Amino acid sequence: MRITTTVNGTEREVDDVWAGESLLYVLRERLGLPGAKNACEQGECGSCTVYLDGEPVCACLVAAGQANGRQVTTVEGLAEGERLHPVQEAFLETGAVQCGFCTPGLVVAAHDLLQRVSRPSDLEIREALAGNLCRCTGYEKILDAVRLAADRQAQG
Amino acid sequence: MSTDAGTRSTTTTPGRVGYGRVGDSARRPDGTLKVTGEFAYASDLWHDEMVWGVTLRSPHPHARIRRIDITEALTVPGVTAVLTADDVPGDNAFGLEHADQPVLASEFVRYEGEPVALVAADHPETARRAAKRVRVDYEVLPAVTDARRAMDPGAPAVHRPGNLVRHLRLRRGGEAPTAPVVVSLDFEVGMQDQAFLGPESGLAVPAEDGGIDLYVATQWLHVDQRQICLALGMPPEKVRLTLAGVGGAFGGREDLSVHVHACLLALRTGKPVKMSYGREESFFGHVHRHPATMTYEFGAQRDGSLLYAKARLLFDGGAYASSTAAVVGNGGTLGLGPYRIPSVAVDAYGVFTNNPPCGAMRGFGCVQAAFAHEALMDELADAVGVDRVAIRQLNGMREGDLNITGQVIDSAAPVGELLQIVSELPLPPERGAHPDLRSLPGAVNNTTHGEGVVRGIGYAVTYKNVGFSEGFDDYSTARVRLEMTGGEAVATVHTAGAEVGQGLITVEQQICRTELGVERVVVHPKDTTVGSAGSTSASRQTYVTGGAVKAACEAVRAAVLDRAAGVLRRSAAELRLDGEKIAGPSGELLAGLADVLGDDAVEETVEWRHRPTHAIDPETGQGEAHVQFAFSAHRAVVDVDVELGLVKVVALDTAQDVGTAINPDAVVGQIHGGSAQGMGLALMEEIIVTDGHVRNPSFTDYLIPTILDMPPMQVTVVEYADPHAPYGVRGVGEPPTISSGPAVAAAVRAAVGKPLRRVPIRPEHITGT
Ligand code: FES
Ligand code: FES
């Protein structure tokens with residue numbers, strides 16, 4: 001089947017997509033956008049988090065066909081050219097990245113949280129990121145990163 | 001505003017980025033690529049011409065293969081190759097310590113998930129469907145699935161001659177004296193998974209010279225290369241490995257996974273082959289932490305001073321040897337914890353069963369033992385009426401003591417101090433009258449509003465060897481090059497040390513900046529065109545590869561000064577290299593680096609070794625087995641809903657001696673992550689294996705801590721430089737995983753008042769239902 005979808009602001013057409021392919025597979029293997037990760041492909045880890053029409057979703061749980069005619073934003077679409085998004089910058093600054101396999105999903109999830117809540121409490125951060133597994137950091141520096149990004153955002 | 005009243009994490013080490021030298025919290029050189037999604041992990045690799053490889057695995061824990069029929073699979077459109085054991089050109093055997101594991105099973109399968117056949121096709125789904133059409137005729141055989149039965153005379157032999165992998169016998173200080181106070185216990189630890197997030201993946205590209213280039217996520221390129229060469233029947237110059245981006249490792253990438261399989265398919269099809277496991281396959285595709293059953297006994301004076309210890313540890317090694325012998329070595333030589341004990345008798349065993357193979361995981365044999373010795377130390381404290389911190393301080397090792405193998409602890413052993421630090425850290429506030437539901441056991445499931453919730457506090461202190469032990473030739477190789485590029489001094493550092501997320505590449509840059517005074521340091525891709533760096537395991541890379549990089553920088557510096565001495569007609573001894581300057585005895589500028597080097601580069605390659613270790617005596621277990629010891633202590637605070645058996649860890653605080661923190665922020669990051677993995681084993685992480693079958697190979701059923709499960713952590717980093725190690729470093733990665741779990745388990749016992757002699761502790765253990 002053919003799918004037309006807007007990814008990071010650009011309309012993309014994909015041919016020969018199999019019925020069983022997920023949006024994650026299409027992004028990673030057919031569109032050359034491997035930023036969204038594939039840690040479980042079962043909806044349990046959040047490493048594949050992307051925006052679909054502005055809502056964060058697990059791309060591994062979205063059938064490719066469901067993305068037809070819709071807007072997808074991936075981690076690759078968050079920076080403006082060379083300028084990192086403040087959430088990305090905060091992850092770097094606080095040391096929230098080790099192996100980094102969880103990072104793209106967490107960056108998107110944190111980005112979404114800070115769009116909805118400008119100064120989240122620690123419990124709100126924990127709740128919002130509960131679907132994103134990280135095996136390396138114990139999450140402490142991820143919390144630091146979100147707090148820092150929130151502070152920066154509040155200061156404009 | 002932050003409204004919740006929990007303790008925030010603290011660290012005593014200031015995290016300054018500084019100049020990116022040793023001691024600064026320099027940033028990761030791969031960080032920007034990782035936050036933008038552009039970093040190429042092994043599972044992201046892609047080649048225009050590539051096809052996909054998949055593995056067909058055994059559904060049985062033990063069976064004889066009567067026949068394999070691949071004809072039907074070969075007819076599936078899109079399939080380019082189907083391979084079985086007959087297609088392995090070299091030795092059909094690999095293994096870290098013993099080559100006992102078939103690349104593809106030929107006569108027998110010995111565990112559920114053992115690879116039997118390979119398929120390559122143009123789409124991963126095609127390959128999976130074709131694999132289902134490979135017909136394997138199995139004769140199911142009786143399986144040994146209980147490690148305690150494995151050495152029984154009538155037990156089926158997993159391998160000839162028998163099921164014993166290693167027995168470590170350790171005796172010290174003569175017969176155990178009669179002790180006025182005796183305590184004992186049995187303890188059991190379940191099978192933990194490394195659960196790194198980046199699945200096993202690699203891309204094998206056939207080369208024009210008939211060889212192969214493999215890009216793969218691993219922990220030790222050269223040990224992989226050695227095994228792949230044997231299986232392919234090719235010399236090392238034809239089998240070239242490059243490290244692809246690694247999404248965590250924790251021991252689970254020490255053994256081969258896709259490596260040989262992808263190479264076989266690539267050589268057969270003549271096309272690049274990508275293999276990438278899904279999460280379920282990953283649970284079958286790597287070794288796990290050994291489950292262990294242990295029996296411990298302490299005899300002590302009435303004041304709590306230890307007189308003797310006896311321990312028996314049994315590790316289930318599963319179907320193949322992997323690193324079981326070394327895990328037994330650690331469990332046996334370190335398994336009584338960081339305590340002074342006059343008389344000791346330890347027997348540690350590793351056995352073969354038809355369970356999943358077990359091998360390396362962070363903490364390596366010490367993790368299991370720590371649950372037992374720390375639970376027993378609490379028993380002893382209660383039996384003699386001494387405080388649980390004080391009893392550990394009373395018996396804790398100090399510098400200059402002998403450990404149980406008779407080795408002198410010849411650098412800092414701050415057991416008492418680490419315990420003191422964690423016991424004095426601020427405690428989390430008591431629960432108020434109207435606690436936020438999300439902070440209670442059961443959290444948003446709304447299972448309690450605070451009724452039936454009891455708080456408990458637990459302590460643990462443990463130690464771990466750093467580096468490879470028992471006489472292993474444990475070295476690393478570094479190549480460092482210095483040149484002027486575009487008017488600027490640039491150093492390039494090249495090692496094969498695997499960066500798995502821990503930050504070795506950052507440390508390599510910091511050392512080059514420090515030793516050579518340059519700002520720009522390029523990290524060459526990790527590959528096999530330079531000598532081995534040894535494994536990224538045993539908390540060893542900062543020490544050993546760090547040591548090699550430092551030595552290579554020193555050699556470069558000496559070579560540059562030699563050249564400068566020639567140009568300047570002075571003795572090299574009176575010259576100094578500082579970045580782009582050659583300075584004289586009182587710091588005066590004598591020449592620029594550019595004047596000395598011109599267009600040349602100075603490059604030096606150094607193989608570096610730490611002090612040798614020695615085999616232990618086979619009868620007594622005595623000997624200088626280890627090169628360095630690293631100590632850590634944890635205090636855990638938990639809230640337990642005693643009616644439902646749900647646990648919420650409220651605080652998990654720690655103190656650890658890291659020798660010298662080369663990168664303080666990265667050190668704290670290791671301690672956080674390691675603590676989380678220890679807590680996971682205490683409360684939730686277990687691969688359930690019944691009759692040799694894995695019951696929960698998914699993140700739905702194998703739970704690892706989420707951000708909601710983790711408490712805030714106060715981390716105190718103590719720095720007592722080890723005079724024998726480069727910069728005084730001490731290994732960092734493993735200790736926190738060892739002491740955190742026992743502290744959590746102790747806190748739950750304190751809250752519940754039950755013995756709880758098994759981890760992970762499940763709700764039914766707490767409620768007794
Ligand atoms: S890969 Fe989609 S949730 Fe794990
Ligand atoms: S940084 Fe490795 S999984 Fe999060």
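Worth a mention:
- Prolate/oblate/rounded label for the range B:303-442 (Cα gyration tensor, a/c 1.5): oblate
- Modelled FRET efficiency - R0 51 Å, B:His167 with B:Asp578, Cβ distances, 0.05 increments: 0.35
- By the equivalent-ellipsoid construction on the alpha carbon gyration tensor, the range B:433-538 comes out with semi-axes of 48, 22, 13 Å, ordered largest to smallest.
- One chain, two ends: B:Val408 and B:Val454. Fully extended at 0.36 nm per residue, the span grows by 12.3 nm beyond their Cα-Cα distance.
- For the range A:86-155, the Kirkwood radius over C-alpha pairs fed into Stokes-Einstein at 25 °C and 0.890 mPa s yields D = 212 µm² per second.
- Global form of chain B, assessed from the alpha-carbon gyration tensor, a/c cut-off 1.5: oblate
- Approximate spin-label separation A:Leu61-B:His724, in nm, with each point projected 7 Å along Cα-to-Cβ: 5.3
- Of the listed residues A:Ser118, B:Ser632, the order by accessible area with a 1.4 Å probe, largest first, is A:Ser118, B:Ser632.
- B:Val140 paired with A:Gln42, simple spin-label distance in nm, labels 7 Å along Cα-to-beta-carbon: 2.3
- Charge dipole of chain B (Cα centre as origin; +1 on each Lys and Arg Cβ, -1 on each Asp and Glu Cβ, all else neutral): 740 debye, rounded to the nearest 20.
- Chain A - percent relative contact order, Cα under 8 Å, separation 6 or more: 23
- FRET efficiency estimate (nearest 0.05) - Cβ-Cβ, B:Asp701 to B:Ala157, R0 25 angstrom: 0.20
- Residues of the range B:84-112 with amide N under 17 Å of the 7 Å Cα→Cβ point at B:Lys238: B:87-93
- Calculated P(r) tail over 15 Å for the range B:144-227, as whole % of Cα pairs: 80
- Once the C-beta distance of B:Ala383 and B:His98 is scaled by a Förster radius of 30 Å, the resulting FRET efficiency is 0.10 to the nearest 0.05.
- Taking packing as the residue-averaged number of other Cβ atoms within 10 angstrom, the listed peptides B:454-463, B:361-370 run from highest to lowest as B:361-370, B:454-463.
- Taken residue by residue and averaged, Cβ atoms of other chains lying within 10 Å of the Cβ of A:126-133 number 5.
- Note on the range B:475-609: Cα Rg divided by 2.2 N^0.38 Å, N the number of residues, gives 1.07.
- Contour excess over end-to-end distance, with Cα ends at B:Glu399 and B:Gln420 and 0.36 nm allotted per residue: 5.9 nm
- Ordering of B:153-164, B:211-222 by packing [mean C-beta count within 10 Å, highest first]: B:211-222, B:153-164
- Take each residue in B:659-670, count the other chain C-beta atoms within 10 Å of its C-beta, and the mean is 2.
- Global geometry of the protein assembly as shown, whether rounded, prolate or oblate, following the gyration tensor of its Cα atoms and the 1.5 cut on a/c: rounded
- Between helix A:140-154 and chain A: long-axis angle, C-alpha atoms, 0 to 90°, nearest 10: 90
- C-alpha center-to-center spacing [the range A:1-78, the range B:386-427] in angstrom: 53
- Of the trypsin sites (Lys or Arg not before Pro) found in the range B:237-298, none is in coil by DSSP with at most 13 other Cβ atoms within 10 Å of its Cβ.
- The C-alpha atoms of chain A define a longest principal axis, and helix A:103-116 lies at about 70 degrees to it.
- Whole-Å distance, taken between Cα centres, linking the range B:648-694 and the range B:322-367: 18
- Peptide A:80-87 has a mean of 1 when you count, residue by residue, the C-beta atoms of other protein chains within 10 Å of its C-beta.
- Ordering of A:94-101, A:48-55 by packing [mean C-beta count within 10 Å, highest first]: A:94-101, A:48-55
- Distance from the Cα centroid of the range B:481-526 to that of the range B:157-212 is 35 Å (rounded to whole angstrom).
- Length-normalised contact order for chain B - Cα pairs under 8 Å, 6+ apart - percent: 17
- Taking amide H positions as modeled 1.01 Å from N, with prolines and chain starts lacking one, the residues under 5 Å from A:Val7 and 5 or more places away or on another chain are A:Arg12, A:Val72.
- Accessible surface of B:Lys132, taken over heavy atoms with a 1.4 Å probe and every protein chain present, rounds to 150 Å².
- With every protein chain in place and a 1.4 angstrom probe, the accessible-area ranking of B:Glu107, B:Glu208, B:Glu125, largest first, reads B:Glu208, B:Glu107, B:Glu125.
The values are calculated or read from the model by the stated rules, or taken from the named source; none is laboratory data. From a predicted model like this one, the values you see are computed outputs, not experimental measurements. Heads up, the Cβs are rebuilt from the backbone with ideal geometry, glycines too, and the neighbour counts pull from every protein chain shown. Surface areas here come from the heavy atoms of the whole protein model, side chains and all, with no ligands, DNA or RNA. Shrake-Rupley method; radii C 1.70, N 1.55, O 1.52, S 1.80 Å.
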